[in-house]
Amino acid sequence: MRVLAFLDGTLADPEAAHIRVDDLGLLRGDGVFETILVADKKPRELRPHLDRLARSAAMLELPAPDLAAFETAARAVIDNWAGGREIALKLVYTRGIDGDPAGTPTAFAIGMEIDEKVRRARAEGVAAVTLERGFGPEVAERAPWLLLGAKTVSYAVNMAALREAGRRGAQDVIFTAADGSVLEGPTSTVVLARERTLYTPPSTVGILPGTTQAALFRGAEKAGWTVKVEPFSAADLATADGVFLASSVRLVTRVHTLDGTALPDSAELHRELVAAYEGEY
Ligand code: PLP
């Protein structure tokens, strides 16, 4: 099941061709996107996702996206969805056709089913490996052209890292900076639990500010947890009470094994954090 809508709210056949082969999103990965979870017809964290789309677009110096129109497209997808109770809703915004003097961006929303791998990760947790990203945590602010922290459609590196994880017998990745500090996953935010405190690295280290992590922290605070946004090192992961990967579609996923070594059993903590997160909806 797939539903495709354009920004005026019109629907189109998701299995037909609509994007030109000279679209810069395709030719250069020059564009931005968001993936939003819709559960029971309700999009989660819609405003933070739209705001982040606008922030990513600004980092790429794309024209400011029409957020009301994106909302119209999202609503058209949701209203016309006839699949399962959850939708992975993608908003895509590229620089448009190469050489177009008007510079009109390509924009659409598409709803897709949640795949089986994601459901398994939610339920069973994942084995992850740490992989180096090759830059220091200070680079993002010094070199904005690297677009660290923008959600661009250039995810080839992120997908390559996941394949590397597969070669090492794992399903996911925790990227580390040159100084050994933790960055993020290829499609998730890293959250560490220690003594009733949750930690996540600040986005200033060159990572995406996570909407799921933010919702989790809100819910966890209400449930009595302390939450801290501060750097921590890869060495801290091994000694934590729990390590989790948070993302819109995957929700809060437990890391049970890191670099081939089993982590302390965090199944109970995981149940507690999922309840705190779900309490926000
Ligand atoms: N970091 C990266 C690189 C991501 O691609 C994602 C989501 O796909 C996240 C973090 C988590 O963000 P969110 O919780 O808003 O989905």
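Scanning the range 200-239 for residues that are surrounded by 20 or more Cβ atoms within 10 Å (Cβ to Cβ) and not in a helix (DSSP H, G or I) yields THR200, PRO201, GLY206, ILE207, LEU208, GLY210. State all residues of the range 61-88 that are surrounded by fewer than 18 Cβ atoms within 10 Å (Cβ to Cβ) and part of a loop (DSSP other than H, G, I, E, B); if no residue qualifies, say none. Answer for the range 61-88, where residues must be surrounded by fewer than 18 Cβ atoms within 10 Å (Cβ to Cβ) and part of a loop (DSSP other than H, G, I, E, B): GLU61, PRO63, ALA64, ASP66, ASN80, ALA82, GLY83, GLY84, ARG85.
When the range 38-55 is limited to residues that are of a type in the set (A, V, I, L, M) and within 21 Å of ALA150 (Cβ to Cβ), the one that is farthest from the ligand (Cβ to nearest atom) turns out to be ALA54. Screening the candidates THR104, THR94 for the property of being closer than 22 Å to GLY25 by Cβ, touching a Gly at 6+ places or on another chain (Cβ under 8 Å) and free of Cβ contacts under 8 Å to residues at least 40 places away in the same chain yields one hit, THR104.
Taking LEU245, is it in contact (Cβ under 8 Å) with a residue 60 or more places away in the chain, within 19 Å of GLU45 (Cα to Cα), outside any loop (DSSP other than H, G, I, E, B) and under 17 Å from the mean Cα position of the chain (by Cα)?
yes
Here LEU37 passes the criteria (1) crowded, with 20+ Cβ neighbours inside 10 Å; (2) in contact with a strand residue (DSSP E or B) (Cβ under 6 Å, 6 or more places away or on another chain); (3) of a type in the set (A, V, I, L, M, F, W, C) except the one numbered (2). Checked against (1) surrounded by fewer than 17 Cβ atoms within 10 Å (Cβ to Cβ); (2) within 13 Å of the ligand (Cβ to nearest atom), ALA178 passes all but condition (2). Please go through the range 256-268 and give me each residue that is among the aliphatic types (A, V, I, L, M) and surrounded by fewer than 19 Cβ atoms within 10 Å (Cβ to Cβ), ordered by number. Scanning the range 256-268 gives ALA262, ALA267. Taken as a whole, the structure places SER154 among residues that are at pLDDT 95 or above and either within 15 Å of the ligand (Cβ to nearest atom) or not hydroxyl-bearing (Ser, Thr, Tyr) (or both).
Report yes if HIS18 is modelled with pLDDT of 95 or more, away from the ligand (no atom under 12 Å from the Cβ) and not in a strand (DSSP E or B), otherwise no. So HIS18 passes the test.
Listed here are the residues, each with its yes/no results for (1) surrounded by fewer than 20 Cβ atoms within 10 Å (Cβ to Cβ); (2) more than 30 Å from ALA275 (Cα to Cα); (3) over 18 Å from the mean Cα position of the chain (by Cα).
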residue: LYS90; (1), (2), (3): yes, no, no
residue: ASP98; (1), (2), (3): yes, yes, yes
residue: PRO101; (1), (2), (3): yes, yes, yes
residue: ASP115; (1), (2), (3): yes, no, no
residue: ARG120; (1), (2), (3): yes, no, no
residue: GLU132; (1), (2), (3): yes, yes, yes
residue: GLY136; (1), (2), (3): yes, yes, yes
residue: TRP145; (1), (2), (3): yes, yes, yes
residue: GLY149; (1), (2), (3): no, no, no
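Filtered by the rule that a residue be in contact (Cβ under 8 Å) with a residue 60 or more places away in the chain and within 15 Å of the ligand (Cβ to nearest atom), the range 182-194 gives GLY185, THR187, SER188, VAL191.
If the condition is being in contact with a helix residue (DSSP H, G or I) (Cβ under 6 Å, 6 or more places away or on another chain) and either closer than 15 Å to PRO137 by Cβ or within 13 Å of the ligand (Cβ to nearest atom) (or both), then the range 195-214 contributes THR200, GLY206, PRO209, THR211.
The values are calculated or read from the model by the stated rules, or taken from the named source; none is laboratory data. These figures come from a predicted structure and were not determined experimentally. Here Cβ is always computed from backbone atoms with ideal geometry, including for glycine, and neighbour counts include all displayed protein chains.
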